[in-house]
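Notes to accompany the following structure.
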Amino acid sequence: MQFDLPAAIHDLVVARNKLRETYRKTGLTFTLDGNLIGDLGEAIAAELFDLRLEGRNARGIDARDNRDRTVQIKATGTGRGAVFRPSEERAAHLLVLDLDLENLKGTVVYNGPEEKVLSYMSDDWRGQRLVPMSFIKMCDADVNEEERLKSAVTLQAPSSNLTPIVPVNRQGTLCPACNEKNFILWPVGWDAHAAYACRGIAPGTPDQRKTEFKKLYLVS
Ligand SMILES: [Zn+2]
């Protein structure tokens, strides 16, 4: 499952590349990692799967889905894998996102029960430990479809079949109907928003509301 990174990240990558060039002789790489990658992963996952983020203090549980199931979100910018700590609270569900900041692309590499990936750890697991990407991918191949979180959007968007009339903005794009919701990956997430949340669309069934929104703001 692939997606485009939000356009807002582009400026950051350009600035990083400039830094890298300035200090080229030092061999330092100025890798974008740590909290930035983690936060980016959470923001994207929340939009892709219509999740409610839990905020900073919830260790091990980053979000809940619309059925209140707990979700842990791990993101990597290096493709090496995901780090876990035994002290973290365990979530029912795990999403692992691989973010390719050079090409502004991302992939959902794991979408399934958290315990499947944590089976990598030994019983006397202490401290933080990396589960390698190869193992995570193997686990994902083993997940049943009904165990996966359903994506809130058709992931051909934003690159292919639907072209937004409202242009993509680097800081995100405000919903053209209500001017309230900020889509960081516009138009990814439009359908869930139009069906249930948007105050700029006339009342109706979720399907009617989606049809109306699509007619006004998206071209097939
Ligand atoms: Zn709206």
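Mind checking which strands (runs of 3 or more DSSP E) fall wholly inside the stretch 79-153 and carry at least 1 residues that are crowded, with 16+ Cβ neighbours inside 10 Å and in contact with an Asp or Glu (Cβ under 8 Å, 6 or more places away or on another chain)?
Working: elements: 81-84, 93-100, 105-113, 129-132.
The qualifying strands (runs of 3 or more DSSP E) are 93-100, 105-113.
Could you list all residues from the stretch 195-220 that are surrounded by 12 or more Cβ atoms within 10 Å (Cβ to Cβ), of a type in the set (G, A, S) and away from the ligand (no atom under 13 Å from the Cβ)? Steps first, please.
First, pick out the residues of the stretch 195-220 that are surrounded by 12 or more Cβ atoms within 10 Å (Cβ to Cβ): 195-198, 200-201, 204, 206, 208-214, 216-218.
Remaining after also requiring of a type in the set (G, A, S): 195, 197, 200, 204.
Selection gives G204 alone.
In this structure, is A15 closer than 17 Å to P187 by Cα and small (G, A, S)?
Numbers: closer than 17 Å to P187 by Cα: no; small (G, A, S): yes.
Judged against the criteria, A15 is not a match.
Consider the stretch 25-35. How many of its residues are modelled with pLDDT of 90 or more and either in a helix (DSSP H, G or I) or surrounded by 15 or more Cβ atoms within 10 Å (Cβ to Cβ) (or both)?
2
What is the number of the single condition among (1) at negative phi; (2) crowded, with 19+ Cβ neighbours inside 10 Å that D50 does not meet?
With (1) at negative phi; (2) crowded, with 19+ Cβ neighbours inside 10 Å applied to D50, the lone miss is (1).
Looking at (1) within 19 Å of C139 (Cβ to Cβ); (2) of a type outside the set (D, E); (3) outside any helix (DSSP H, G or I), which one does G55 not meet, given that it meets all the others?
(1)
So which of A177, A192 ends up being at pLDDT 85 or above, among the small types (G, A, S) and either under 22 Å from N66 (Cα atoms) or near the ligand (Cβ under 10 Å from one of its atoms) (or both)?
Values: A192 fails: at pLDDT 85 or above.
None of the other options fit; the residue is A177.
The values are calculated or read from the model by the stated rules, or taken from the named source; none is laboratory data. Here the structure is a predicted model, which is why all the values come from computation and not from measurement. Ideal geometry is used to build each Cβ from the backbone, glycine not excepted, and the neighbour counts take in all protein chains shown.
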